Amino acid sequence: MAGFKVASEGHFRSDQLLWMQRIVKKAPSESIRGKLAQAQEGRIRNPNNRCVKNWHLLDHCVCNAVNTPTICRLGHIALISTYGPGCNRQSFNASRAFCTAPQKVHRGEGDRRPSIKLLLDKGDFEMKHLGQLLRDELAGNVAVQPFLGIYDCFSATIAAQYSTNLFLSGFGFSASYYGLPDVGYIAWTDMVAAAWRIRQILPEHKLLVDIDDGYVDVHTARHVVKQLERMGVAMVMLEDQSRPRRCGHVDGKLLLPLPEYLDKLNSLILDRESICVLARTDASGDEVYRRLEAMSETDADVLMVDAIDSIETLTKLRSYTNKPLLFNQIAGGKSPRLSIEQLRALGVGLVQYSTPLLFAAQQAMTEVLDALVESGGVLPQNPEGSNIGVAECLALLEANVSTTRRAVSEK
């Protein structure tokens, strides 16, 4: 077996990676180990005055077309992050690991997604972006877990106990972060920051992020998707609404001209490396079939028609494309309420529940405040076994602290 050893255990952040690249590029090859040894001892600091102690040094890089924050090709030297922002948490924690013989991974012409296989005690392991893991699930006809709608880190923490797939909903985020309806108030910087916070506490979960219309401009849309991809977001949702936009289950929606939407969609697809792209239309009537058919001809990974009004419409839509379909369910919306089993029988591959946690939170807060008023200010006593207090809430949040500590200890 032609391979190589990991010179030292540890992980590094993306800012450390960029600085280590500069060290390697400037230093003669025979002095690289000496430079890295100094960094390991804390005697070299990066421009942010942080000690560079976490790194992997691999002899003889066999990666092809590597281009992500987590794996970087540097001639015959490779620095590899096994717990980077664009990688799932299945990192290897061994003092030695061996790379399999150099091989090309066929991904199609022009595809730059990285791949490196490592042979561990338990067999071959391939580091993959969460978007690629989702794509593999879709290609393998695996029953994909439902995407549960969340609106902040707390709701994400609760939802994470029920599914490995989460949906950062524009409706929920606009309500939670701004206290405003979802009609176009969301700034892309706020949505990216929210996604980043969720990724830090739930790095193993696949996150679908609602980016509305890509925030109007195609260049902004590409920039946002690239940031989300680099932090490990699995999929983004791009809709064909024009401004002022609104929730997909209300009347009065305006649509972009189809060619304009397709240009934006294709631009994102061509620019992405591993992240999945969901193409969504908010059309109705006969126009929905024309748009779905056009979207099906792109390289979008998943298609979605919002506010499907009947099983008959869903069945007809299924006949227009072979791509995976996502069905969105929202309380009080226009779509019929169907079980996951019923939807799969109708050919739906992915199911999304946009707002159950948001609406449940509104209901629960209203009820507890009503009870507080009625009791004259005495906190109500819930039935035994159903009360959530300080201990129960802290137990939920401590799990996120443990995840963060574990990640730090592995770095």
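Enumerate the strands (runs of 3 or more DSSP E) found wholly within the range 234-308, keeping only those where 3 or more residues are touching a Lys or Arg at 6+ places or on another chain (Cβ under 9 Å) and in contact (Cβ under 8 Å) with a residue 60 or more places away in the chain.
Working: elements: 235-239, 276-281, 302-305.
The strands (runs of 3 or more DSSP E) meeting that bar are 235-239.
Out of everything in the range 173-188 that is of a type in the set (Ser, Thr, Tyr) and within 18 Å of residue 239 (Cα to Cα), what residue ends up being modelled with the highest pLDDT? Spell out how you get there, then give the answer.
At the first step, the residues of the range 173-188 found to be of a type in the set (Ser, Thr, Tyr) are 174, 176-178, 185.
If we keep only those that are within 18 Å of residue 239 (Cα to Cα) as well, we get 174, 185.
Numbers: 174: 96, 185: 93.
Selected residue: 174.
Looking at the range 257-268 only, could you name the residues that are of a type in the set (A, V, I, L, M, F, W, C) and surrounded by fewer than 18 Cβ atoms within 10 Å (Cβ to Cβ)?
Our first condition is that a residue be of a type in the set (A, V, I, L, M, F, W, C); within the range 257-268, this holds for 258, 262, 265, 268.
Once the filter is applied, which keeps residues that are of a type in the set (A, V, I, L, M, F, W, C) and surrounded by fewer than 18 Cβ atoms within 10 Å (Cβ to Cβ), the range 257-268 yields only 258.
Residue-wise test of (1) closer than 27 Å to residue 340 by Cβ; (2) outside any helix (DSSP H, G or I).
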| site | (1), (2) |
| --- | --- |
| 157 | yes, no |
| 182 | yes, yes |
| 195 | yes, no |
| 200 | no, no |
| 215 | no, yes |
| 223 | no, no |
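If residue 218 satisfies all but one of (1) in contact (Cβ under 8 Å) with a residue 40 or more places away in the chain; (2) under 20 Å from residue 353 (Cβ atoms); (3) not hydroxyl-bearing (Ser, Thr, Tyr), what's the number of the condition it fails?
With respect to (1) in contact (Cβ under 8 Å) with a residue 40 or more places away in the chain; (2) under 20 Å from residue 353 (Cβ atoms); (3) not hydroxyl-bearing (Ser, Thr, Tyr), residue 218 is out only on (2).
The values are calculated or read from the model by the stated rules, or taken from the named source; none is laboratory data. This is a predicted model, so every value here is computed, not measured. Backbone-built Cβ (ideal geometry, glycine too); neighbour counts: all protein chains shown.
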